[in-house]
Amino acid sequence: MEYADGDYEMGEVDEDMYFAGRMMGDSESDEDDEDEYEILDNKITDTSAAEARRGKDIQGIPWERLSISREKYRQTRLEQYKNYENIPQSGEGSVKECKPTRKGGAYYEFRQNTRSVKSTILHFQLRNLVWSTSKHDVYLMTHYVIMHWSSLTSKKTEVLNVSGHVAPREKHPGSLLEGFTQTQVSTLAVRDNLLIAGGFQGELICKDLDRPGVSFCTRTTYEDNAITNAIEIYNSPSGAIHFTASNNDCGVRDFDMERFQLVKHFSYPWPVNHTSLSPDGKLIIIVGDNPDGMLVDSQTGKTVMPLHGHLDFSFASAWHPDGNLFATGNQDKTCRVWDARNLSKSVAVLKGNLGAIRSIRFTSDGQFMAMAEPADFVHIYDVKNGYEKEQEIDFFGEISGVSFSPDTESLFIGVWDRTYGSLLQYNRCRNYSYLDCLM
């Protein structure tokens, strides 16, 4: 991934057209700007499913008061958004292989948009900052704070604040007892009761959600190019909790959280942006700053098969729960679906509207796959019917992350925007929507 100091950068998004500023009118000074957004913030409310059915915009955008219609602004975004590419023209080159899909799928229905939790992004290429642990519970980044949001109680809780000094309360071999100060969190993972935050300088901060404080702190590397790009938490065959950290120093490291120890360290020829372990624990998808990904042996790190087809750098991967299918997301605007039993060609090549595919998730039952672009669009595909049909979720704003709940009932989408930053929740379509009127 591109190494960038400081806060989140827009890459090559057309900033003149970027939504909050232009739609509402720019101010001449930062102070005026803050005042303006504070005023707007008070006017924009959350949106419920019932309100959306009555015609309210799901993000609360007052189109009737603006000088441009939603349709016209959508068209402008499609025409003017510039996809960030490391390899020029990769988006255009991938078009011919893409599978045409029918729109109109209705798999998840809008439940609510919550503006009281602001989902933020640190680095424009890393979008794994939203994690759901149940259909009501979600964790996300808000600047230097990891927040918990309960859609059941509509309450937010500060889980971990890394703006100051953070140090472990427990003593474990290899843990940095001095901790870290002002950690810039580049990636996040939450599973069951374990939360792990990865930082810009190789920091890893581990927290048990059932206990106060932090359990373990370590630094993967002291090299300059040390960004933690992705984290995956999993259970080993013995049942022990492990996590894998993908790093910009070209390393993939595996930690045993029962013993709080680094147990494996694999190195590759290029920065690793994302990894995914197969359900049987035998294979790992490795993608990064190279158009070709690879499938490697999880015990040795050695390549089993290369993955040829993408035209740019990749930042997303995910396994289908059947252990045969998996998907990779790339800056060439495509998601490729593969079958591990025959890697000679992709099963399907699915194309985004605006830009790179920066995160991919399968539901735990294998029925659906979600792929998120950098902004405005999340696509949900019907996996069991061969990716023939999709549901396109359409909104405005950068996407900080997407997450299905483990029971598949909820889909959460983090939206980063100066004015309309929020958390979108969709619920799986069932035949008992009448319950909505009771909520």
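The values are calculated or read from the model by the stated rules, or taken from the named source; none is laboratory data. All figures in this text were calculated on a predicted structure; none of them were measured in a lab. Note that each Cβ is placed from the backbone with ideal geometry, even for glycine, and that neighbours are counted across all protein chains shown. Ligands, DNA and RNA are excluded from the accessible area calculation, which covers all protein heavy atoms including side chains. Shrake-Rupley method; radii C 1.70, N 1.55, O 1.52, S 1.80 Å.
Against the definition (part of a loop (DSSP other than H, G, I, E, B) and open to solvent by less than 10 Å² (accessible area, probe 1.4 Å)), how does residue 187 come out, yes or no? So residue 187 fails the test.
With respect to residue 310, is the statement that it is open to solvent by less than 30 Å² (accessible area, probe 1.4 Å), within 30 Å of residue 377 (Cβ to Cβ) and touching an Asp or Glu at 6+ places or on another chain (Cβ under 8 Å) true?
yes
Please determine whether any residue of segment 146-169 is open to solvent by 50 Å² or more (accessible area, probe 1.4 Å) and under 30 Å from residue 336 (Cα atoms). Checked segment 146-169: no residue is open to solvent by 50 Å² or more (accessible area, probe 1.4 Å) and under 30 Å from residue 336 (Cα atoms).
Scanning segment 170-181 for residues that are aliphatic (A, V, I, L, M) and open to solvent by less than 60 Å² (accessible area, probe 1.4 Å) yields one hit, 176. Considering 103, 43, 72, 82, the condition of being modelled with pLDDT of 90 or more, more than 27 Å from residue 334 (Cβ to Cβ) and open to solvent by 20 Å² or more (accessible area, probe 1.4 Å) is satisfied by 72 alone. Within segment 54-83, residues that are part of a helix (DSSP H, G or I) reach partners that are among the basic types (Lys, Arg) with beta carbons closer than 9 Å, at six or more positions or on different chains, in the pairs 63/70.
Taking segment 380-426 as the range and being of a type in the set (D, E, K, R) and either assigned to a strand (DSSP E or B) or in contact with a Ser or Thr (Cβ under 6 Å, 6 or more places away or on another chain) (or both) as the test, the residues that pass are 382, 389, 390, 392, 394, 398.
If you go through segment 209-231 and keep only what is aliphatic (A, V, I, L, M) and either part of a strand (DSSP E or B) or exposed (fewer than 13 other Cβ atoms within 10 Å of the Cβ) (or both), you end up with 214, 230, 231. When segment 247-270 is filtered for residues that are under 18 Å from residue 234 (Cα atoms), aromatic (Phe, Trp, Tyr) and at pLDDT 95 or above, the ones remaining, listed by number, are 255, 266.
Test residue 321 against the stated conditions and say whether it is open to solvent by 40 Å² or more (accessible area, probe 1.4 Å), in contact with a strand residue (DSSP E or B) (Cβ under 9 Å, 6 or more places away or on another chain) and under 22 Å from residue 192 (Cα atoms). Yes.
Has segment 165-183 got any residue that is under 30 Å from residue 256 (Cβ atoms), among the acidic types (Asp, Glu) and in a loop (DSSP other than H, G, I, E, B)? Among the residues of segment 165-183, at least one is under 30 Å from residue 256 (Cβ atoms), among the acidic types (Asp, Glu) and in a loop (DSSP other than H, G, I, E, B), which makes the answer yes. Listed conditions (1) outside any strand (DSSP E or B); (2) touching a His at 6+ places or on another chain (Cβ under 7 Å); (3) over 11 Å from residue 423 (Cα atoms) are all met by residue 120, apart from (3). Return a yes/no flag: does segment 194-206 have any residue that is exposed (fewer than 14 other Cβ atoms within 10 Å of the Cβ) and without any contact (Cβ under 8 Å) to a residue 60 or more places away in the chain. No - not one qualifying residue is present in segment 194-206. The lone criterion from (1) touching a helix residue (DSSP H, G or I) at 6+ places or on another chain (Cβ under 6 Å); (2) under 27 Å from residue 71 (Cα atoms) left unmet by residue 393 is number (1). Considering segment 232-242, and only residues there that are among the aliphatic types (A, V, I, L, M) and buried (at least 16 other Cβ atoms within 10 Å of the Cβ), the residue that is nearest to residue 314 (Cα to Cα) turns out to be 233.
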